1. Can you tell me which residue within the stretch 40-82, out of those that are within 18 Å of the chain's Cα centre (by Cα) and of a type in the set (S, T, Y), is modelled with the highest pLDDT?
2. Name the single residue that is nearest to S10 (Cα to Cα) among those in the stretch 34-62 being open to solvent by 100 Å² or more (accessible area, probe 1.4 Å) and assigned to a helix (DSSP H, G or I).
3. Scan the stretch 14-33 residue by residue and report those that are closer than 25 Å to V43 by Cα and open to solvent by 90 Å² or more (accessible area, probe 1.4 Å).
4. Show the residue pairs that are 6+ apart or on different chains and have beta-carbon atoms under 8 Å apart, the first residue being within the stretch 20-46 and β-branched (V, I, T), the second being modelled with pLDDT of 95 or more and open to solvent by less than 90 Å² (accessible area, probe 1.4 Å).
5. What number goes with the only condition from (1) assigned to a loop (DSSP other than H, G, I, E, B); (2) modelled with pLDDT of 80 or more that A14 does not pass?
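The values are calculated or read from the model by the stated rules, or taken from the named source; none is laboratory data. Not measured: the values here are computed from a predicted model. Positions of Cβ are backbone-derived with ideal geometry, glycine not excepted, and every protein chain shown enters the neighbour counts. Remember, those area values only see protein heavy atoms, side chains included, never the ligands or the DNA or RNA. Shrake-Rupley method; radii C 1.70, N 1.55, O 1.52, S 1.80 Å.
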Amino acid sequence: EREVTMNVLSSTWAFKAKRYPDGLIKKFKARFCARGDQQIEGVDYFETYAPVVMWVTIRLMLILECLLGLVSKQGDVTCAFL
């Protein structure tokens, strides 16, 4: 149920037809797009999260953890420079 303080975002559907190299339609895809620029920080959201690691790396680390009997812990880096 919607409260008075909630901000409702406008949205749209994006449809696309994936094709084979010869031009025949392979499948149809659809995605739901919300207007994130209409959100207000501190009202609609409080923090953002953007993963920057590849899933292959995560799987490799979990496999090594299991094979070597290691224990992993969660960490957070607020600012990293390469």
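1. T57
2. Going through the qualifying residues, I end up with D37.
3. Once the filter is applied, which keeps residues that are closer than 25 Å to V43 by Cα and open to solvent by 90 Å² or more (accessible area, probe 1.4 Å), the stretch 14-33 yields only F32.
4. I25/A17; I25/K18
5. Tallying (1) assigned to a loop (DSSP other than H, G, I, E, B); (2) modelled with pLDDT of 80 or more, A14 fails exactly one: (1).
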